[in-house]
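First comes the structure, then the notes that go with it.
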Amino acid sequence: MASDRSRDHIQSIERGIQVLRAFGGHNAVLRASAVAASVGLPRPVVRRILLTFEHLGYAHSQDGLWSLTPRILELGAGYFGTSSLPEIAYPIMAEMVEKTSETCSVGVLDGTDVIHVARLEERRALPDAVRVGTRLPAHATAVGKVMLANLTDGALDDYFTVASLERFTSRTICEPALLRTRLDDVRSRGFDISIEELHPGMLAAAVPIVVDGSVIGGLTVSSTTDRASELSLTDTVVPLLRDAAERIGRIYRIANPQLYRSVPA
């Protein structure tokens, strides 16, 4: 992120984005005081920001409770265009759900977190199910580790400088040295299996989505420990994920020729 001292930095816009992000995850309806506490801004400032969003049609208030309106989806419309990663991935993810009877997601790395940009649930809802736009800690997820494993040495060092490596279960890897060893293994194998590292009773397999040697995201299948095991995911799901990720990457490259121009011989 650029320095706050930069003359190109507009603090009011940054604060507005902070307020919008407060409504992420399961915080769909909040009081202004709760938003202020979440983002660390004075309540009068948050109130003015919310009133501005209400005037623009992006927020709504009733009985002191604030929520976002469907118009907020306009802000993400450019990302979810016909040539975007989610749009390309969804048909292939649907095949994965049909073949595995499990939940399939696509995540991208953003700082120390993974943002889920596409997700298809199988017919049985998973405990602690996430939604599109949900942020999860990269170190505690399979999809996060396959992307961390493919960072450059310098980028990975930067990650460890700022990552908190919070413990969520007894299986969460919180020690930098152990996580580096795990990432070396993930890089070598080309996939990761995460067992109860973020939530008890949950496990997942993930592979990177690679385009011209660069990882643009991760594809993952999630399940529960009573429906799947490390062995079943490795033997059955990982091969399907690899094929699906290769297809997604190939189509993404074709759909975005401006990003991947061929270099003349």
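Values in this text are rule-based calculations from the coordinates and carry no lab data. Just so you know, these numbers come straight off a predicted model, no measurement behind them. Backbone-built Cβ (ideal geometry, glycine too); neighbour counts: all protein chains shown.
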Please work out whether the chain counts as rounded, prolate or oblate from its C-alpha gyration tensor, where a ≥ b ≥ c are the square roots of the eigenvalues and a/c under 1.5 means rounded, while otherwise a/b larger than b/c means prolate and anything else oblate?
-> prolate
Give the distance, in whole Å, between the Cα centre of segment 105-175 and the Cα centre of segment 236-257.
-> 20 Å
Under a GNM of the chain (C-alpha, springs under 10 Å), which listed residue has the highest mean-square fluctuation: Y159, Y90, Y252?
-> Y159
Non-local residues with an amide H under 5 Å from the amide H of T69, with H modelled 1.01 Å from N and Pro and chain starts lacking one, are A59, H60
Given a cut-off of under 8 Å on Cα pairs at least six residues apart, what relative contact order in percent is computed for the chain?
-> 15 percent
Table column - 3J(HN,Hα) (Hz), segment 10-19, Karplus curve with 6.51, -1.76, 1.60, x for Gly and Pro | 10, 5, 5, 5, 4, 5, x, 5, 4, 5
Distance in nm between A255 and Y90 label points, each 7 Å along Cα→Cβ, equals 1.0 nm
Hey, rough spin-label estimate for H55 and E14, points 7 angstrom out along Cα→Cβ, what's it come to in nanometres?
-> 2.3 nm
Along segment 64-74, what does the Karplus equation 6.51 cos²θ - 1.76 cosθ + 1.60 (θ = phi - 60°) give for ³J(HN,Hα), rounded to whole Hz, x for Gly and Pro?
-> x, 9, 10, 8, 8, 9, x, 4, 4, 5, 4
Summing +1 for each Lys or Arg and -1 for each Asp or Glu, what net charge is found among the other residues whose Cβ lies under 14 Å from the Cβ of F23?
-> +4
Here the residues of segment 191-218 lying in the modelled label zone of E166, meaning backbone nitrogen under 20 Å from a point 7 Å along Cα-to-Cβ, are 194-204
Relative contact order (percent, whole number), segment 11-74, Cα cutoff 8 Å, 6+ residue spacing | 30 percent
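Would you order V146, V210 from fewest to most other beta-carbon atoms within 10 Å of each residue's own beta-carbon? Walk me through the intermediate numbers first.
Details: V146 33, V210 19.
Sorted ascending by nearby Cβ count, the order is V210, V146.
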Per-residue HN-Hα couplings for segment 96-107, Karplus 6.51 cos²θ - 1.76 cosθ + 1.60 at θ = phi - 60°, whole Hz, x for Gly and Pro?
-> 4, 4, 5, 6, 9, 6, 10, 7, 10, 9, 10, x
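At 222 nm, what helix-only mean residue ellipticity would the chain give, in deg cm²/dmol to the nearest 500, using -39500 (n - 2.57) for each DSSP H run of four or more?
Numbers: 8 runs with 98 residues, N = 265.
For the chain, the value works out to -11500 deg cm²/dmol.
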